[in-house]
1. Using the Cβ atoms and a cut-off under 12 Å, what net charge is assigned to the surroundings of Phe66, where Lys and Arg are +1 and Asp and Glu are -1?
2. Tell me, what ³J(HN,Hα) does each residue in region 44-49 have, in order and in whole Hz, if you take phi through Karplus 6.51 cos²θ - 1.76 cosθ + 1.60 with θ = phi - 60° and put x for Gly and Pro?
3. Order 122-128, 67-73, 94-100 from most to least packed using the mean count of other Cβ atoms within 10 Å.
4. What is the list of residues in region 29-71 whose amide nitrogen lies under 11 Å from a point 7 angstrom out from the Cα of His77, following Cα to Cβ?
5. I need the phi-derived Karplus couplings for region 59-72: 6.51 cos²θ - 1.76 cosθ + 1.60, θ = phi - 60°, integer Hz, Gly and Pro marked x.
6. Is region 58-131 best put as rounded, prolate or oblate by its Cα gyration tensor, with a ≥ b ≥ c the root eigenvalues, rounded for a/c under 1.5, and otherwise prolate when a/b is larger than b/c, oblate when not?
Amino acid sequence: MTRSKYLLLAALAGICFTLAAPKAQAQVTVNIGPAPVCPYGYFDYAPYACAPYGYYGPEWFVGGVFIGAGPWFHGPHNFHGTVNNHYDPHHGYKGPTPRRNQKPSPNMHPERAKNFKGNETRDGRGHTVAPHR
């Protein structure tokens, strides 16, 4: 046999072995645990640190309870809420942030913030959805 016939037979055998190989059933399950307990919500990216007062606009709170963000988001599918990313460490914020399980200050109610000035619109799942105007 010529060399080209051997190459053709080898290629054909490789194709047959590939088609006959069993398919691996891969399933990945990631349990990230419960949502962080933060007085004014938490950022929508890992490690899900507590966000400071003023990061989230009032629409992120229902009855004074944060609706969640990232994997624990509990808002409607088409939700768009404003944030003030000046309070985001990814945008250079280096100020104080609350600790997990810290109680909110009695006079700070993000759901009633009348003068909130957001500069970014987010969907609760970690995505910026449109420039805030």
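1. Charge balance near Phe66 sits at -3.
2. Coupling constants for region 44-49: 8, 9, 4, x, 6, 6 Hz.
3. Listed from highest to lowest mean packing, they are 67-73, 122-128, 94-100.
4. Zone members listed by number: none at all.
5. 5, 7, 10, 10, x, x, 10, 5, 7, x, 7, x, x, 9
6. The shape class here is rounded.
Any read-out appearing in this document is the output of simple, stated calculations on the displayed coordinates, not a laboratory observation. If you're wondering where the values come from, they're calculated on a predicted model, not measured in any experiment. A quick note on method: Cβ atoms are made from the backbone with ideal geometry, for glycine too, and the neighbour counts reach across all protein chains shown.
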